Amino acid sequence: MSEGIRQILQAGISAPSGENSQPWLFSIDGNKVDIFNNAQRDTSVYNHNQRSHLVSHGCLIENIFIAAVALGHHARLELFPENANPKLISRFHFTAAEEQDESGLFPYIAQRCTNRKPYKKIPLLSEHRERIAQSITGIGEVKLKLTEDPVAIMRLAEVGALNEKIVFENRALHHFLFEHLTWTKSKDERNPGFYIDTLELPPPAHFLFRMFQSWPLVSFLNTIGFSTLIKKGNQNVYQAASAMGVLMTETKYDLDYINIGRALQRIWLTATKHGLAFQPLTGVLFFMQAIDGGASKRFSTEHIAQVQKHYKIVQKIFDVEHESVAIMFRMGYDGEPSARTSRFPLENFIVKN
Ligand SMILES: Cc1cc2nc3c(=O)[nH]c(=O)nc-3n(C[C@H](O)[C@H](O)[C@H](O)COP(=O)(O)O)c2cc1C
């Protein structure tokens with residue numbers, strides 16, 4: 001692998017992914033790089049039909065485009081280049097070229113992160129609102145809608161927080177969360193996952209969280225309102241934001257989710273550039289995708305009804321008609337998060353060089 005391609009892929013893999021699953025594999029042949037989906041990295045209901053992974057691949061692709069230009073390369077992309085191989089998501093051909101990095105986003109690839117703190121409840125600066133809106137120009141058919149209405153933000157915070165309530169009431173999702181959590185920075189660096197300190201838990205919850213690995217304990221606590229308390233706590237954090245936004249598409253093809261990921265990454269990097277903290281809130285939307293897509297047996301009847309009710313809140317607030325809402329997020333002004341996640345070394349993702 002040339003040094004140029006190494007640097008481009010290194011920037012690529014700082015991309016976000018659901019629960020930091022990092023679902024990519026690279027096969028490198030000269031200046032051609034094939035990128036495969038690693039479906040095993042998330043077999044949960046969040047990733048029904050690989051949609052969460054496809055969004056993450058979109059983020060990776062956007063990073064690669066931005067990094068290639070900034071590092072003196074032209075990148076030509078083919079999406080799903082081989083019909084017979086759906087795991088082959090993208091193929092890049094790199095050539096040396098002097099192109100202008102018009103986005104100016106390259107320096108923010110390394111700085112971008114998820115910030116789960118409460119943010120200041122102040123409006124977005126109009127310049128920031130405009131830059132965010134412009135950032136996705138030219139990316140497929142993705143639509144972005146934002147709201148800064150405090151009442152809407154409060155209701156959307158409740159939608160976001162339903163995810164955590166369901167996680168603490170659904171055994172498979174509870175297992176999935178604790179399987180991915182890493183408990184110390186050094187362990188996270190050795191085997192990167194979902195690092196506990198990035199959850200920004202308040203001190204008592206941080207201390208008690210290890211105990212909540214026990215499903216019998218959590219089931220018992222739920223009989224006295226534990227999961228509802230978790231929802232309330234998260235709702236309070238999520239509503240501390242300047243704006244909430246959604247990304248949606250008219251259709252639900254695999255390509256749509258790649259484009260959603262590319263748009264998400266553009267918005268996130270633009271937000272980072274302007275000092276805005278950012279957190280995706282996607283659980284309930286991915287649950288809705290799974291329920292619509294025939295995976296309803298992985299949820300209780302009560303949870304299905306709650307997810308449908310909360311999805312309708314999103315549709316109403318953002319005037320969604322026939323579009324499918326894939327991503328919701330919050331943005332706002334805040335300092336640095338308390339901690340950051342790690343990544344596996346690039347070598348771990350290379351299947352052929
Ligand atoms: C498709 C997708 C869905 C995500 N959903 C959520 C979410 O619902 N809540 C959340 O706090 N973070 C969410 N994240 C953020 C990831 O957990 C985060 O990107 C990952 O742990 C790596 O951390 P970093 O973003 O700080 O690099 C999501 C990221 C992606 C790409």
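The values are calculated or read from the model by the stated rules, or taken from the named source; none is laboratory data. As the structure is a prediction and not an experimental result, all values here were calculated from the model. So basically every Cβ, Gly included, is an ideal-geometry build from the backbone, and we count neighbours across all protein chains shown. Surface accessibility is based on the protein's heavy atoms, side chains included, excluding ligands, DNA and RNA. Shrake-Rupley method; radii C 1.70, N 1.55, O 1.52, S 1.80 Å.
What the table below lists for this structure:
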{"quantity": "Whether the range 13-111 is rounded, prolate or oblate, judged on the alpha carbon gyration tensor where a/c under 1.5 counts as rounded", "calculated": "oblate"}
{"quantity": "Gyration tensor over alpha-carbon atoms, the chain, equivalent ellipsoid semi-axes in Å", "calculated": "32, 23, 21"}
{"quantity": "Ranked order, Thr251, Thr137 - accessible area, probe 1.4 Å, largest first", "calculated": "Thr137, Thr251"}
{"quantity": "Accessible surface of Lys117 - all protein chains present, 1.4 Å probe, nearest 10 Å²", "calculated": "50"}
{"quantity": "FRET E, pair Glu250, Asn348, Förster distance 30 Å, beta-carbon r, rounded to 0.05", "calculated": "0.20"}
{"quantity": "The range 87-205 - convex hull of the alpha-carbon atoms, volume per residue in Å³", "calculated": "233"}
{"quantity": "Sparsely packed chymotrypsin sites (Phe, Trp or Tyr not before Pro) within the range 24-61, loop by DSSP, other Cβ within 10 Å at most 12", "calculated": "none"}
{"quantity": "Carbon + sulfur, % of accessible area of the range 91-223 - ligands and nucleic acids excluded, 1.4 Å", "calculated": "57"}
{"quantity": "Angstrom value of the Kirkwood radius, inverse mean 1/r, which spans all Cα pairs in the range 126-333", "calculated": "18.2"}
{"quantity": "Links that overshoot a 28 Å alpha carbon limit, given the list Lys87/Lys273; Lys117/Lys252; Lys143/Lys273; Lys121/Lys185; Lys87/Lys309", "calculated": "Lys87/Lys273; Lys117/Lys252; Lys121/Lys185; Lys87/Lys309"}
{"quantity": "Å² per residue, accessible surface of the chain at 1.4 Å", "calculated": "44"}
{"quantity": "Fluctuation leader among Phe176, Phe207, Phe278 - the chain, Gaussian network, Cα springs under 10 angstrom", "calculated": "Phe207"}
{"quantity": "Angle between the chain longest axis and helix 3-12 axis [Cα atoms, degrees, rounded to 10]", "calculated": "20"}
{"quantity": "Unit charges at the beta carbon, dipole of the chain: most positive-side option, His174, Phe318, Asn63", "calculated": "His174"}
{"quantity": "Exposure rank, largest accessible area first [His74, His180, His53; 1.4 Å]", "calculated": "His74, His180, His53"}
{"quantity": "Simple spin-label estimate for Phe80 and Thr147 in nanometres, 7 Å along Cα-Cβ", "calculated": "3.2"}
